[in-house]
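Just so you know, all these numbers are worked out from the coordinates, no wet-lab data involved. Keep in mind that what you see is a predicted model, and the values were worked out from it rather than measured. Glycine also receives a Cβ, built like all others from the backbone with ideal geometry; neighbour counts cover every protein chain displayed.
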Amino acid sequence: MTLIVLLISESKIKVGKMLVCANEFPLIIGFSIFFMFLVTSSYDFFGMYLAIEGLSLTLYTLAALLYQGVVAVEAAIKYFSLGAFSTGILLFGISTLFNLIGSLDFLEVQYYLRSEELFDNFEEVKFSLICILFGFFFKFAAFPCHVWVADVYEGI
């Protein structure tokens, strides 16, 4: 699939006035694929967070790579600022969950959610999981937090 994207985008880059980014574009796409692999192979929240941030940085770079005017810069800044906001929400939820459980490992979190200790801190766990989910929803532009995506896509 990546090869198809690179082959299609090669003709688009050479036809337009974007010859400056012809060398960087495949490299950035390769890094984004690498970070996608890291997201799928992470075993704890720390590794997953670092992989998602690496993927986000490559996507921010791709959004700002094809500079076409003020609207494109505004869209890239909006994308970056909302990504920073979602990172804050995600990290707050992860740190709250770490404070309750004492581990960032997915298996430890699963064991805690199945244990009887969950009922002692049910409201705090629910709040941290809601923060984590909303952080993911902003990062991946899922349903409740997807309103900004149309503006960014239109600008880019």
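Among the residues of the stretch 126-155, which ones are aliphatic (A, V, I, L, M), within 17 Å of Tyr49 (Cα to Cα) and in a helix (DSSP H, G or I)? Give the derivation first.
If we filter the stretch 126-155 for residues that are aliphatic (A, V, I, L, M), which is where we start, we get 129-130, 132-133, 141-142, 147, 149-150, 152.
Going one step further and asking which of them are within 17 Å of Tyr49 (Cα to Cα), we end up with 129-130, 132-133, 141.
The answer is Leu129, Ile130, Ile132, Leu133.
Does the stretch 77-106 hold any residues that are farther than 19 Å from Phe136 by Cα and of a type in the set (A, V, I, L, M, F, W, C), and which are they? Lay out the reasoning, then the answer.
Of all residues in the stretch 77-106, those farther than 19 Å from Phe136 by Cα come to 77, 99-103.
Of everything in the stretch 77-106, those that are farther than 19 Å from Phe136 by Cα and of a type in the set (A, V, I, L, M, F, W, C) turn out to be Ile77, Leu100, Ile101.
Evaluate the following for Phe119: is it touching a Phe, Trp or Tyr at 6+ places or on another chain (Cβ under 8 Å), over 30 Å from Leu27 (Cα atoms) and loosely packed, with under 15 Cβ neighbours inside 10 Å?
Details: touching a Phe, Trp or Tyr at 6+ places or on another chain (Cβ under 8 Å): no; over 30 Å from Leu27 (Cα atoms): yes; loosely packed, with under 15 Cβ neighbours inside 10 Å: yes.
Spelling it out, it is not the case that Phe119 is touching a Phe, Trp or Tyr at 6+ places or on another chain (Cβ under 8 Å), over 30 Å from Leu27 (Cα atoms) and loosely packed, with under 15 Cβ neighbours inside 10 Å.
Could you run through the stretch 63-112 and say how many residues are within 22 Å of the chain's Cα centre (by Cα), closer than 20 Å to Ser42 by Cβ and among the acidic types (Asp, Glu)?
Residues flagged as within 22 Å of the chain's Cα centre (by Cα), closer than 20 Å to Ser42 by Cβ and among the acidic types (Asp, Glu) within the stretch 63-112 amount to 1.
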